[in-house]
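The values are calculated or read from the model by the stated rules, or taken from the named source; none is laboratory data. The model shown is predicted, which means the values in this text are computed figures rather than measured ones. When we count neighbours, we look across all protein chains shown, and the Cβ atoms used for this are built from the backbone with ideal geometry, even at glycine.
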Ligand code: CO
């Protein structure tokens, strides 16, 4: 029998998140859902932080309703979501009661596989969501945030993978949100993890730097079981490699994928018209289809590069771009090499910007960076430079326990605060995750005199995952 490579299709989450900032409406998706369910995918990635946020903030849609619609039209293929561990869909830690409730409701409303990651790969931040997923009969996939640094060696990731198996992860994902995983390293990484664990291995990368297809082939050669691709309409560039191209290549190499390219063709035809619409509207910026090899040089996600550039442009400081780019690796080193994934990518980006603009390193420090240095996001991968630590927090104490252990239950307070508009537990959780956006969405729904309009869609949220 042919060796099977499973395909996870990302167009409804990462594909559209990477290329049109998650502005795709449920109505844009519905005509393709039946074919997507029948195309033979291992899983469909459909939900995550930015898609949830965009529903409430820009599209005036209930993200839970979208999920139930997906399940109704796609009952046969497992639906997958991306979860930022104890941060859920946001940027800070939630108490365990909120994490448990969110996970339980996600599975109840249609999610089958939860891909859980922590920006720092601090596995303590994943435990509550892994346990809650399994308790609700979901599949808990643990994603290791991939990055390069003297700390992040193949051995480092292989030991983490062994730990993931111990704490109950059902499968493992090597999550390369920045698109910096090179083919030979992917081969080494997958081979070594295969020696250390029995977990199925999925590889997730972005085509930003032009090497993603090669990386997938080498990962598959080393024994990777699943790869993430996006149907061609929203593939390439900042998104994943195209499903059609990968499937064709893999099958010619003698692998079986189970994907029906006829069906995928129909789906692509639909989404091509959706893509063209957003291109005309100016929401699809042509740059997202570009190849950006500087990603490999600076090890910085493409989204972060463009975000830094636009922040500098706003202040008329474009000429500082190179300087800021060179500051990013220095800040990372000072802070113990955090991977540049949301929310750490934004935090490191802002600090680098402040170091350059203020003309004095760490003269200005955002609260989030102070919290990070105090241990409130978890354990830094490497050592935080003691001198820098002193500059940032002085003699303030560091916490060593799991950060969420410091948090009291939060659900009762959220319930109370939104009682005027909430009709369900799902509404309460929407509010817990995105208080202002959810309050406005629910307010508009419940009260016809509620006069906060839906936000204009020209705002970009910088998310790297
Ligand atoms: Co991604």
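A few points about this structure:
- Matching residues in the stretch 201-220 - criterion: being free of Cβ contacts under 8 Å to residues at least 60 places away in the same chain and away from the ligand (no atom under 14 Å from the Cβ): 201, 213, 214, 217, 218, 219
- Which listed residue is in contact with a helix residue (DSSP H, G or I) (Cβ under 8 Å, 6 or more places away or on another chain) and part of a helix (DSSP H, G or I), from 310, 345: 345
- In the stretch 444-465, residue farthest from residue 84 (Cα to Cα) [restricted to those that are within 16 Å of the ligand (Cβ to nearest atom) and at pLDDT 80 or above]: 464
- Taken over the stretch 142-183, the criterion of being closer than 15 Å to residue 115 by Cβ, part of a loop (DSSP other than H, G, I, E, B) and within 16 Å of the ligand (Cβ to nearest atom) is satisfied by 146, 176, 177.
- Among residues of the stretch 297-306 being part of a helix (DSSP H, G or I) and within 24 Å of residue 21 (Cβ to Cβ), the one that is farthest from the chain's Cα centre (by Cα) is 298.
- The conditions of being farther than 29 Å from residue 147 by Cβ, over 22 Å from the mean Cα position of the chain (by Cα) and assigned to a loop (DSSP other than H, G, I, E, B) are not met by residue 265.
- Test: residue in the stretch 73-86 that is away from the ligand (no atom under 16 Å from the Cβ), within 27 Å of residue 121 (Cβ to Cβ) and within 15 Å of the chain's Cα centre (by Cα): yes
- Hits in the stretch 242-254 - residues which are away from the ligand (no atom under 16 Å from the Cβ) and in contact with a strand residue (DSSP E or B) (Cβ under 7 Å, 6 or more places away or on another chain): 247
- Residue list for the stretch 325-346, restricted to those being on the phi > 0 side of the Ramachandran plot and over 20 Å from the mean Cα position of the chain (by Cα): 336
- Scanning the stretch 1-52 for residues that are within 16 Å of the ligand (Cβ to nearest atom), closer than 21 Å to residue 276 by Cβ and touching a strand residue (DSSP E or B) at 6+ places or on another chain (Cβ under 7 Å) returns 9, 10, 11, 12, 13, 14, 15.
- Where a residue in the stretch 1-25 is under 30 Å from residue 282 (Cα atoms) and its partner, wherever it lies, is in a strand (DSSP E or B) and away from the ligand (no atom under 13 Å from the Cβ), with Cβ under 7 Å and at least six apart: 8/43; 8/226; 9/44; 12/44; 12/46; 13/46; 13/47
- Test: residue 384 is crowded, with 16+ Cβ neighbours inside 10 Å and assigned to a helix (DSSP H, G or I): no
- Residue count, the stretch 307-324 (criterion: in contact (Cβ under 8 Å) with a residue 40 or more places away in the chain and within 27 Å of the chain's Cα centre (by Cα)): 5
- Selection status of residue 335, in contact (Cβ under 8 Å) with a residue 12 or more places away in the chain, out of contact with any helix residue (DSSP H, G or I) (no Cβ under 6 Å at 6 or more places or on another chain), within 19 Å of residue 177 (Cα to Cα) and buried (at least 19 other Cβ atoms within 10 Å of the Cβ): no
- Any hit, the stretch 227-241, residues being modelled with pLDDT of 95 or more, outside any helix (DSSP H, G or I), away from the ligand (no atom under 16 Å from the Cβ) and surrounded by fewer than 24 Cβ atoms within 10 Å (Cβ to Cβ): no
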